[in-house]
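Q: Take this structure, written in structure tokens, and hold onto it; I'll ask about it next.
The values are calculated or read from the model by the stated rules, or taken from the named source; none is laboratory data. Since the model is a prediction, treat every value here as computed from it, not as a measurement. All Cβ positions, even for glycine, are placed from backbone atoms using ideal geometry, and neighbour counts span all protein chains on display. Just the protein is used for accessible areas: all its heavy atoms, side chains included, with ligands, DNA and RNA removed. Shrake-Rupley method; radii C 1.70, N 1.55, O 1.52, S 1.80 Å.
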Amino acid sequence: MRPTALITGASGGIGYEFAHLFAKAGYNLILVARSEDKLEKLRQELEGHTVTVIPHDLSEPGAAGVLFEKVQELELTVEVLVNNAGFGLNGPFDELPLIDQQKMLQVNVNALTELTHYFLEDIKAAPLYDIPKGIINVASTAAFQPGPLMAVYYASKAYVLSFTEALHEELRGTGITVSTLCPGATDTDFFKTAKAENTKLVDRTMSPQDVAKAGFLGFVKGKRVVVPGGANQSLAYATKLMPRSVAARIAHYVDKAD
Ligand SMILES: NC(=O)c1ccc[n+]([C@@H]2O[C@H](COP(=O)([O-])OP(=O)(O)OC[C@H]3O[C@@H](n4cnc5c(N)ncnc54)[C@H](OP(=O)(O)O)[C@@H]3O)[C@@H](O)[C@H]2O)c1
């Protein structure tokens with residue numbers, strides 16, 4: 001029997017690439033996002049693999065529980081959970097609508113936490129396969145410093161990093177792999193959604209293929225934190241060494257529209 005990987009945010013960008021990688025590695029797939037048409041197209045691309053599409057909006061309170069119920073109704077079990085769905089918003093904190101920032105926290109933080117809680121029981125109960133079982137949570141290099149003009153987004157990713165590192169330690173030695181992927185700027189629809197296309201964030205991006213591949217390989221190796229790309233790794237290291245006030249100034253400069 002093949003293990004199943006549930007991937008949120010599989011309709012585009014990094015999640016779409018994760019779907020291809022997990023399919024190639026022999027996993028069955030459950031693909032989740034709001035865009036049913038894009039998920040169906042991806043299912044067609046993955047012909048020959050067992051793929052279940054669940055169109056679902058994770059921005060509503062309780063949405064993770066509803067998704068868990070849908071998976072149970074389909075009598076599917078999940079051996080790998082990839083919490084990849086997420087988005088950012090660029091602008092002064094008080095000028096961005098509160099409702100949009102609440103939805104961001106709902107997707108980036110609450111749904112990720114709740115899905116982890118719901119599916120961990122399945123993952124624990126699953127037998128050990130020759131391919132890993134566990135969780136990948138997608139954070140960001142934004143997790144390493146405060147992010148003026150994207151304050152809630154950076155804070156949400158700091159939560160994802162801290163939460164996932166803690167879980168990695170809790171589950172060490174259990175055969176469950178827990179990995180945090182911290183991409184730097186990646187060439188996806190993220191910047192369009194965040195209204196950050198005119199910022200310095202987009203000056204240097206990695207491809208979503210390379211980012212997902214680094215995340216997948218890091219997961220297979222059981223890595224706690226994966227920062228894709230040498231430049232991002234150097235920046236992350238430099239950020240750790242500098243005072244947080246300086247890191248915040250730099251992020252402010254980068255997040256500002258040109
Ligand atoms: N691109 C970057 O520079 C970058 C850097 C660091 C970290 N990240 C993180 O990487 C992850 C993937 O982002 P990406 O770069 O691949 O951006 P993307 O191309 O915009 O993909 C985001 C995915 O999340 C899904 N999503 C958004 N809101 C959702 C909701 N309410 N319910 C369910 N699914 C939802 C989207 O699908 P639908 O619209 O179809 O729902 C889409 O599949 C995110 O967590 C992001 O924060 C991105």
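Q: How much accessible area does Y118 have with a 1.4 Å probe, in Å² rounded to the nearest 10?
A: 80 Å²
Q: Using only Cα atoms, tell me the angle between helix 151-170 and the longest principal axis of the chain; keep it within 0 to 90° and round to the nearest 10.
A: 40 degrees
Q: Could I ask something else about it? Can you give the convex hull volume of the alpha carbon atoms of the stretch 14-86 per residue, in Å³?
A: Values: hull volume 6.4 nm³, N = 73.
Given the Cα convex hull of the stretch 14-86, per-residue volume reads 88 Å³.
Q: For a 18 Å ceiling on Cα separation, which of these pairs sit above it: K200/K240; K38/K133; K70/K124; K157/K240? Kindly include the intermediate steps, with their values, before the conclusion.
A: Details: K200/K240 21 Å; K38/K133 26 Å; K70/K124 20 Å; K157/K240 16 Å.
In this structure, K200/K240; K38/K133; K70/K124 lie more than 18 Å apart at Cα.
Q: Over the chain, what lengths in whole Å, largest first, do the semi-axes of the equivalent ellipsoid take, defined as the square roots of 5 times the eigenvalues of the alpha-carbon gyration tensor? Intermediate results must be reported in sequence, preceding the final value.
A: Details: eigenvalues 169, 78, 59 Å².
Semi-axes (√(5λ), whole Å): 29, 20, 17.
Q: Run the accessible area of the stretch 1-68 with a 1.4 Å probe and give the carbon-and-sulfur part as a rounded percent. The partial results should precede the final answer.
A: Numbers: 1390 of 2920 Å².
It is 48 percent, rounded to a whole number.
Q: Still on this structure, please answer the following. Compute, for the stretch 100-258, the length of the dipole vector about the Cα centre, with Cβ point charges of +1 (Lys, Arg) and -1 (Asp, Glu) only. Units Debye, rounded to 20.
A: Details: 17 positive and 15 negative charges, 86 e Å.
Dipole magnitude for the stretch 100-258 comes out near 420 debye.
Q: So, how do all the Cα-to-Cα distances of the stretch 1-127 break down into 10 Å bins, in percent, from 0 on up?
A: Result, from short to long distances: 13, 44, 31, 9, 2, 0 percent.
Q: What percent do you get for the relative contact order of the stretch 4-255 when only Cα pairs under 8 Å and 6+ apart count?
A: Numbers: 466 pairs, mean separation 49.4, N = 252.
Reported as a whole number, the value is 20 percent.
Q: Relative to the longest principal Cα axis of the chain, at what angle does helix 63-73 sit, 0 to 90 degrees, rounded to 10?
A: 10 degrees
Q: How large is the accessible surface per residue of the chain, computed with a 1.4 Å probe and reported in Å² as a whole number? List each step's numbers first, then the result.
A: Values: 12480 Å² over 258 residues.
Heavy-atom SASA per residue in the chain reads 48 Å².
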